[in-house]
Amino acid sequence: ESMKAAFGLSALEQKLADKLQIPEVIVLADDSDEQSWVKRELGRACIDIMGSRLAPGDVVAVAGGTTLASIAEMMVPNDVFSSITFVPARGGLGEDVEIQSNTIVSQMAKRARANYRLLHVPDQLSEETRDSLQLEPGIKELLELIRRPRMVVHGIGEAETMALRRRTEETAVDELKKQEAVAEAFGYYFDKDGRIVHKEQTTGLQLDDLTEEQTVITVAGGASKAEAIAAYMRYRPSDLLITDEGAAQAVLNYA
Ligand code: BG6
């Protein structure tokens, strides 16, 4: 705390919480766009929170991305983690395997000495096939866990960056631009007012599954994500945002 006060970060946390109307904000020093270690600090802060807020037997749904991968990288065992089950939030969403939620879940769970379940369903399925797969007893049971977790941990991306990273077809990228998408989370794209303008069809958690009962932790830093963070928070204020000074200052300067 004294370190935070010295750097003025607690004032920044309060301002950001007020501006975004989020109950709790944690701001870490520096900017993850510029310093790669900042993402690991975001990861470490997230692990502390998980350790203090999870109860034995809880299920945690985890999204993909490089930020979530750095949470997995920093993970350490904790008494409560040994009875936690980690599950992926949604399908692969076209990401490289290293940053897909299945991969992150398995690494996180191994390092935490926790339990995990993986979702082996391809991304590119016809609606019909997806619907019938979801009725398979093993998948159905897993989806029930995924869609009703105790905690959700996810990142936020800048819309165009995410669409390009996922090798989205050019026509779809153009459509996102036309819709003025600025933010992405869980495969959903949002405009600056937090309206969903596109949703990737994939198995797993759907945003409207989320109720007040889940603790939703958003981990996103870097000034480049400021607009995306603000837009997503208009859709659904998360319970807790873990971010960095770069993003926090940029959100406060913007709009
Ligand atoms: C995706 C998540 O995999 O990663 C999204 O599903 C998030 O929720 C994105 O927007 C962020 O990626 P990164 O690499 O910037 O952490």
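We did not get these values from a lab; they are worked out from the coordinates using the rules stated. Bear in mind the structure is a predicted one, so any value in this text is a computation, not a measurement. Here the Cβ positions follow ideal geometry from the backbone for every residue, glycine too, while neighbour counts run over all protein chains shown.
Computed values, structure above
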{"read-out": "Cα-centred dipole magnitude for the chain, charges only on beta-carbon of K, R (+1) and D, E (-1), debye, nearest 20", "value": "520"}
{"read-out": "Nonlocal amide H pairs with Thr203, under 5 Å, H built at 1.01 Å", "value": "Gly91"}
{"read-out": "Separation of the Arg148 and Asp209 label points, Cα + 7 Å toward Cβ, nm", "value": "1.1"}
{"read-out": "Cα gyration tensor, the stretch 127-253 - rounded (a/c under 1.5), prolate or oblate", "value": "oblate"}
{"read-out": "Compactness of the chain as Cα Rg over 2.2 N^0.38 Å, two decimals", "value": "0.97"}
{"read-out": "Taking the stretch 177-255 and dividing mean pair separation by its residue count, relative contact order in percent (alpha carbons under 8 Å, at least six apart)", "value": "31"}
{"read-out": "Student exercise, the stretch 161-233 dipole from Lys, Arg, Asp, Glu Cβ charges, in Debye to nearest 20", "value": "320"}
{"read-out": "Length-normalised contact order for the stretch 1-134 - Cα pairs under 8 Å, 6+ apart - percent", "value": "19"}
{"read-out": "Straight-distance crosslink candidates among lysines, where the alpha carbon sits under 20 Å from Lys199 and sequence neighbours closer than 8 are dropped", "value": "Lys177, Lys178, Lys225"}
{"read-out": "Calculated [θ] (222 nm, deg cm²/dmol) that DSSP helices of n ≥ 4 give over the chain, each run adding -39,500 (n - 2.57)", "value": "-12500 deg cm²/dmol"}
{"read-out": "Loop-exposed GluC sites (Glu not before Pro) per DSSP, neighbour cap 16 Cβ within 10 angstrom, longest uninterrupted part of the chain", "value": "35-168"}
{"read-out": "Full-extension gain in nm, Glu170 to Ala29, via 0.36 nm per residue minus C-alpha separation", "value": "47.1 nm"}
{"read-out": "Distance between modelled label sites at Thr129 and Glu73, nm, 7 Å Cα→Cβ extension", "value": "3.4"}
